[in-house]
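Every number in this text was worked out from the coordinates using simple rules, so none of it is lab data. Since the structure is predicted, the reported quantities are computational estimates derived from the model, not experimental observations. Here Cβ is always computed from backbone atoms with ideal geometry, including for glycine, and neighbour counts include all displayed protein chains.
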Amino acid sequence: MRRAGRVVAQCLDMVGTTIEAGMTTKQLDRLIEDFLLSHGAIPAFKDYQGYPASACISINDEVVHGIPGNRVIREGDLVSVDVGSIVDEYYGDSARTYAVGQVSREKLALLEGTRKCLQAGIDKARKGNKLGEISAAVQKAAEDQGFSVVRQLVGHGIGRQMHEEPQVPNFGSPDDGPVLKAGMVLAIEPMINLGTYDVRTMPDGWTIVTADGMPSAHFEHTVAITDDGPDVLTVA
Ligand code: MF3
Ligand code: CO
């Protein structure tokens, strides 16, 4: 899983140095797919439940699961890129939100705030804690900053399948859910909105957008629970 995680992290590093205004989301998806394949990984999202691309690329009010296409990335966009890999039958899954050129102060605050939410959740990914401690920590970090937490989508266990038990909500009580044990691996993935937490699905059946049209950000890591604390696997 460490190898599957590493290639995803390297791929997202590549995205960070490559993404720029004027590219289409399809061009970026192609670079991501080529990167994974040339580094010995299978793109995990491609054909997953009929998903047509290797990455999810979600811009501004798009929360997650944006399908790459002919849309052009513009200066000032907040672009969330979610990438999954399979290496030797194990999965890695990670997402980051990128600011393209100069973005508004509120978009930048949302981006940095969402990264903090993920870190707050990771800090609670310790054996003996309840799963809900992760959820509650993410929610508190978001709401303390004046942001809202998407409810309709959650993180997940991950291993030999992309989505395993348990679900990992980004909200809830610290008493909720199972006790965490060493050896569990979780994809923790806060989706945080500037306005309302309510979301809608677009007619393409995939793209999730905010109900009020305000921006959203998404950060995700694949995190192993070990005897020595959280071990983030999606690092380069
Ligand atoms: N990282 C997302 C998730 O954890 C992406 C999966 S959507 C896919 O659910 F269908 F494109 F694979
Ligand atoms: Co995921």
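Return only the number of the condition from (1) touching a residue at least 24 places away in the same chain (Cβ under 8 Å); (2) within 22 Å of ARG3 (Cα to Cα) that GLU164 does not satisfy.
(1)
Please find, among SER148, SER216, the residue that is free of Cβ contacts under 8 Å to residues at least 60 places away in the same chain and surrounded by 15 or more Cβ atoms within 10 Å (Cβ to Cβ). Talk me through it step by step, then tell me what you get.
On the way: SER216 fails: free of Cβ contacts under 8 Å to residues at least 60 places away in the same chain.
None of the other options fit; the residue is SER148.
Would you point out the residue of the range 135-193, among those that are farther than 15 Å from ALA224 by Cα and basic (Lys, Arg), that is nearest to ligand 1 (Cβ to nearest atom)?
That would be ARG151.
Conditions tested, residue by residue: (1) assigned to a loop (DSSP other than H, G, I, E, B); (2) among the small types (Gly, Ala, Ser); (3) closer than 30 Å to ARG105 by Cα.
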| position | (1), (2), (3) |
| --- | --- |
| ALA21 | yes, yes, yes |
| LYS26 | no, no, yes |
| LYS46 | yes, no, no |
| ILE67 | yes, no, yes |
| GLY76 | yes, yes, yes |
| ASP82 | no, no, yes |
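Take the residues in the range 153-173 that are part of a loop (DSSP other than H, G, I, E, B) and β-branched (Val, Ile, Thr), then tell me which one is surrounded by the most Cβ atoms within 10 Å (Cβ to Cβ).
Here is the first cut: in the range 153-173, the ones part of a loop (DSSP other than H, G, I, E, B) are 153-154, 158-163, 169-173.
Adding the requirement that they be β-branched (Val, Ile, Thr) leaves 154, 158.
On the way: VAL154: 19, ILE158: 27.
Filtering the range 153-173 for residues that are part of a loop (DSSP other than H, G, I, E, B) and β-branched (Val, Ile, Thr), the one surrounded by the most Cβ atoms within 10 Å (Cβ to Cβ) comes out as ILE158.
Residue-by-condition table, conditions (1) within 14 Å of the chain's Cα centre (by Cα); (2) of a type in the set (Gly, Ala, Ser); (3) closer than 24 Å to ASN193 by Cβ:
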residue: LYS26; (1), (2), (3): no, no, no
residue: LEU31; (1), (2), (3): no, no, no
residue: ILE42; (1), (2), (3): no, no, no
residue: PHE45; (1), (2), (3): yes, no, yes
residue: PRO52; (1), (2), (3): no, no, no
residue: GLY69; (1), (2), (3): no, yes, yes
residue: GLY92; (1), (2), (3): yes, yes, no
